[in-house]
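**Q** Attaching a single structure in structure tokens format; questions to follow.
What follows draws every value from the coordinates through simple rules; no lab data is involved. Predicted model, so just to flag it, every value in this text is computed and none were measured. Glycine also receives a Cβ, built like all others from the backbone with ideal geometry; neighbour counts cover every protein chain displayed.
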Amino acid sequence: MRNSLICLTLVSFLFSCNDTLSVSEYKATNNGKWNKDSIVSFSFSEMDTVSKHNVFINIRNDESYPFSNLFLIAELESPDGKTVTDTLEYEMADPSGEWLGKGKGSVKENKLWFKENIVFSSSGVYNLQISHAMRKNGNVNGIVELEGITDVGFQIEKSNQ
């Protein structure tokens, strides 16, 4: 019985490993509301400086999210101080109103492309900052409390290319 338990543990450990995943982290919003001034920040280091990586922004939303798209501003700062800023738009629902993403129940998880085949050529600490840039049509001011976004995260995977 003991040997069977050890064997089962080893087999489940081997199948649960993901060789391509380098970094993954989430941060929760404030009670499912993301304030326009609340910048979600992540730091990561010890990246492979030779291999190519894909970087994703991960968003969890619930059914109270009132839009079919999402605008984000993402800043990636390298250890040498260089910063790349991107304004990104993602579809969160299809034309029929069905939520995109994975998950059963009211929360969906969206894995959104950010950077493809990027090489982290410098050793040291990288900083990623993500904020939302949502506003209603015809309104100059942004939405102060964006409802329905429960978690914001990022994920880095080694590229197959």
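**Q** Can you give me the ranges of the strands (runs of 3 or more DSSP E) entirely in the range 20-69 with at least 1 residues that are under 30 Å from N137 (Cα atoms) and among the β-branched types (V, I, T)?
**A** Answer list for the range 20-69: 40-44, 53-61.
**Q** Name every residue in the range 33-56 that is more than 13 Å from L76 (Cβ to Cβ) and more than 16 Å from the chain's Cα centre (by Cα), in order of residue number.
**A** Residues satisfying the conditions are K33, N35, K36, D37, S45, E46, D48, T49, V50, S51, K52.
**Q** Among (1) in contact (Cβ under 8 Å) with a residue 12 or more places away in the chain; (2) assigned to a strand (DSSP E or B), there is one condition I143 misses while meeting the rest; what is its number?
**A** Of the numbered conditions (1) in contact (Cβ under 8 Å) with a residue 12 or more places away in the chain; (2) assigned to a strand (DSSP E or B), the odd one out for I143 is (2).
**Q** While we're on this one: What's the total number of residues in the range 117-133 that are surrounded by fewer than 18 Cβ atoms within 10 Å (Cβ to Cβ) and under 21 Å from V40 (Cα atoms)?
**A** Count: 5.
**Q** Strands (runs of 3 or more DSSP E) wholly in the range 72-139 with at least 3 residues that are within 25 Å of T20 (Cβ to Cβ) and in contact (Cβ under 8 Å) with a residue 40 or more places away in the chain - which ones?
**A** Qualifying strands (runs of 3 or more DSSP E): 108-118, 126-132.
**Q** Of all the residues that make up the range 144-161, how many are buried (at least 18 other Cβ atoms within 10 Å of the Cβ) and out of contact with any Ser or Thr (no Cβ under 8 Å at 6 or more places or on another chain)?
**A** 1
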